[in-house]
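First up is the structure itself, then whatever we jot down about it.
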Amino acid sequence: MTQTAILSGNADLYLHVRVLIGIILGLSVTRLVSGIAAIVQHPKRYQIWSVHLGWVAWALVNVVTFWWWEFRLSLIPHWTFGLYFFVCAYASMYFFLSALLFPQDLEEYKGYQDYFLSRRRWFFGFAALTEALDVIDTWIKGDAHLQSLGLEYLVSVVVFILICGVAAVTRNVKFHALFVLGALVYEISFFARYYHTLN
């Protein structure tokens, strides 16, 4: 069966599945963009931290690229509830990350740096889990797709998870700054090299 035929045969089913995924990711983007807008509107309300903003950018890039590349799920010939549940759970990780980056209020904290460092175990725990789930999601799209990303993909996931483990326990500001800078640059680079087209 050709790729075109598969896309045609699964169009309705994929549209049904992606509705909930779209809602979850939409909530994630809304949380991130609203948080950024609040900072612009009231820059002196809470102390801003560049590392926190870096992770906001990283999360936004991940959400946008996740939605872009999930179109390949339309190639899956047979859907099950387990697969549907997994994809929704995976998408929900981005909402958890977005909610952790922008809580409802920061009254108990001195600013975003104080808040982020106090919740670093939760944030980096979810970040590491999200990367691990991405491997499964990539495999679901087909062995050929997983292999096309090469060894670099798997190595980068393992390295990211290990660094998340370190970030979860350390409060070293320089370490966190270097980590978010490297993560953001690599994420953009990886997308530009592998995910710039759906073909």
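The values are calculated or read from the model by the stated rules, or taken from the named source; none is laboratory data. This is a predicted model, so every value here is computed, not measured. Every residue, glycine as well, gets a Cβ built from its backbone with ideal geometry; the counts of neighbours run over all protein chains shown. Heads up: the accessible areas ignore ligands, DNA and RNA and are worked out on the full protein's heavy atoms, side chains in. Shrake-Rupley method; radii C 1.70, N 1.55, O 1.52, S 1.80 Å.
Restrict the check to the stretch 165-177 and report whether at least one residue is under 24 Å from residue 33 (Cβ atoms) and part of a helix (DSSP H, G or I).
Yes, that holds for at least one residue.
Would a scan of the stretch 65-73 turn up a residue that is β-branched (Val, Ile, Thr), over 26 Å from residue 188 (Cβ atoms) and touching a residue at least 40 places away in the same chain (Cβ under 8 Å)?
no
Going residue by residue through the stretch 183-194, is there one that turns out to be open to solvent by 70 Å² or more (accessible area, probe 1.4 Å) and basic (Lys, Arg)?
yes
Consider residue 102 carefully, then state whether it is within 22 Å of residue 50 (Cα to Cα), open to solvent by 40 Å² or more (accessible area, probe 1.4 Å) and in contact (Cβ under 8 Å) with a residue 60 or more places away in the chain.
So residue 102 fails the test.
I need a count of the residues in the stretch 136-147 that are in contact (Cβ under 8 Å) with a residue 12 or more places away in the chain, in a helix (DSSP H, G or I) and either surrounded by fewer than 16 Cβ atoms within 10 Å (Cβ to Cβ) or touching a Cys at 6+ places or on another chain (Cβ under 9 Å) (or both).
The number of residues fulfilling the criteria is 2.
Please go through the stretch 84-93 and give me each residue that is open to solvent by 10 Å² or more (accessible area, probe 1.4 Å) and not small (Gly, Ala, Ser), ordered by number.
84, 85, 86, 88, 93
I'm trying to understand the selection: among the residues of the stretch 153-188, which are without any contact (Cβ under 8 Å) to a residue 12 or more places away in the chain and over 29 Å from residue 115 (Cα atoms)?
155
Cβ-Cβ distance below 7 Å, separation of 6 or more or different chains: which pairs start in the stretch 35-52 with a residue that is closer than 15 Å to residue 109 by Cβ and end on one that is open to solvent by less than 40 Å² (accessible area, probe 1.4 Å) and assigned to a loop (DSSP other than H, G, I, E, B)?
35/102; 46/106
Of all residues being more than 19 Å from residue 127 (Cβ to Cβ) and in contact with a Gly (Cβ under 8 Å, 6 or more places away or on another chain) in the stretch 35-56, which is surrounded by the most Cβ atoms within 10 Å (Cβ to Cβ)? Just the residue, please.
46
Inspect all residues belonging to the stretch 104-114 and state whether any of them is part of a helix (DSSP H, G or I) and not aromatic (Phe, Trp, Tyr).
yes
Could you check residue 151 against (1) touching a helix residue (DSSP H, G or I) at 6+ places or on another chain (Cβ under 9 Å); (2) open to solvent by 60 Å² or more (accessible area, probe 1.4 Å); (3) over 16 Å from residue 59 (Cβ atoms) and say which number it fails?
Every condition holds for residue 151 apart from (1).
So which of 70, 131 is among the acidic types (Asp, Glu), open to solvent by less than 50 Å² (accessible area, probe 1.4 Å) and under 10 Å from the mean Cα position of the chain (by Cα)?
131
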